[in-house]
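Some notes on the structure that comes next.
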Amino acid sequence: MRRRFFTDRFESDSAILRGDTAEHLGRVLRAEPGQLYELSDGERVWLARVDKVSSSKRSGSQVEFTLMEEIEEREAALRIQLLISLVKFDRFEWCLEKATELGVSEIVVLAAARTDKPLLAAVPKRRARWEKILVESAQQCRRLRPPILRTALDTARGGKLSSAIRPEDAFAQASAACKLVLSERRDAKLMRDALSVYAEPSASLAIGPEGGWTDDELAAARAADFVEASLGQNILRTETAVVAGLAILGFTLGE
């Protein structure tokens, strides 16, 4: 199966990859003229032939392609927004990777009340790395485009840095037909029962920090029409909840 890569745009019958992607193609995959790859600009996918592989200290790595044939491709009808509270970065980044593989359209990074403050302080420095993880994961699983990553601008610093979003704000902005907040409370519905009343292909799934949601956060979720849902009696780690919750959503509401 041919590898897929993302390009900024197509130019009539050609395309050029630059930066880290071109570096990976040239140095790791050892791309050569004549080889075929798939390229996506987020809207269309083309079968493309390598014409030239070059690298210089001045302009960096570059791979030039000729577009051969457009490939019919479309995104899944189910649109999933994942609202996820920050956890330790190795596990959070694993969640980003698996959420991409499971078809999430948008990921909103939350600053819950019980999120560790040092994690929140590091968001501005981590965002570029997270974007790269989403792109590489989307290429690996051959998606049309990577998920959108949502954080908030730190207006106190002139809007130049990113920070996580307060759950209350994220809940209020969610517009999906199905809105679920995973909860450890005993009266929370099992997720399969909570999903039984929905048919439209859009969902928002909110997953809290390791310490759980506060009462105020759950109240804000309910005020925004989120339904408390449970994945069962066992207490799951965040990364387990991400995979289980998204798989259930995809099976129940997907095509």
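Here are some notes:
- Close pairs from region 86-106: first over 22 Å from G212 (Cβ atoms) and assigned by TED's automatic domain parsing to the domain that holds S137, partner of a type in the set (A, V, I, L, M, F, W, C) and part of a loop (DSSP other than H, G, I, E, B), Cβ under 6 Å, at least 6 apart: E101/C141; G103/A76
- Residues in region 148-173 that are of a type in the set (D, E, K, R) and part of a helix (DSSP H, G or I) were compared, and the one that is modelled with the lowest pLDDT is R157.
- Looking only at region 29-46, and only at residues there that are of a type in the set (G, A, S) and modelled with pLDDT of 90 or more, the one that is farthest from R2 (Cα to Cα): G42
- Entirely in region 21-129, the strands (runs of 3 or more DSSP E) that have 3 or more residues that are surrounded by fewer than 19 Cβ atoms within 10 Å (Cβ to Cβ): 45-56, 60-71
- Region 45-60, residues that are within 27 Å of the chain's Cα centre (by Cα) and among the small types (G, A, S): A48
The values are calculated or read from the model by the stated rules, or taken from the named source; none is laboratory data. This is a predicted model, so every value here is computed, not measured. Methodologically, a virtual Cβ is constructed for each residue, glycine included, from the backbone with ideal geometry; neighbour enumeration extends over all protein chains shown.
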